[in-house]
1. Kindly provide the pair-distance distribution of the range 161-232 built from C-alpha pairs, with 10 Å bins from 0 and whole-percent values in order of increasing distance.
2. When the convex hull of the Cα atoms of the range 48-244 is projected onto a plane and the area is averaged over all directions, what value comes out in nm²?
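Any read-out appearing in this document is the output of simple, stated calculations on the displayed coordinates, not a laboratory observation. None of the values given here were measured: they were computed from a predicted structure.
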């Protein structure tokens, strides 16, 4: 009897220890890291870049990261608008979370019996790039939520967008829009046309599978959709005027 009681108490102690460890770990993200550094400083290397480097090392691939930091003022407005349309159309309306998109993603997960947690905003994607791994377990999602809330409270929307456009993956070893623009189109991000922008934005969900300059049916269809929305909203004014004549 005493042995059973000891085992039961021991099991309870382990459970309590695990819960306290998780709470302490989660609580850590309410204080650290110091997000305020990114008000003026640019990240030298993100957690996601380090994850990719480790992945390449295990696969025996000799790939180096290509990234050229550029301020948002030197990025084509077409590209900025295209990315917002493609990735987070309510970016300036929400405070880090698009609950409608999350609800739809959860419903889709339930139907497909998968555990993907879609519906991420640009702020959430930035957090994943800066601090976390691609893992989609519940604990990591909780960390992501805390850091997303903190980023939205600390940085301006413009700065969040600037960080994202410079940290986003755009191909194997290609990070940030300036490196992507030179790699795919041989020109600066400030010179991107509406068509270039739509195609670059279209591949963001899976930039290692799809190329903006390729002939993929997915890229053709998605980039056309993004471009058409830009026209309807008057973002692409010249083309809009020509079609109206």
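1. That works out to 21, 56, 23, 0, in percent per bin.
2. Details: hull surface 49.2 nm².
Taking the Cα atoms of the range 48-244, their convex hull projects to 12.3 nm² on average.
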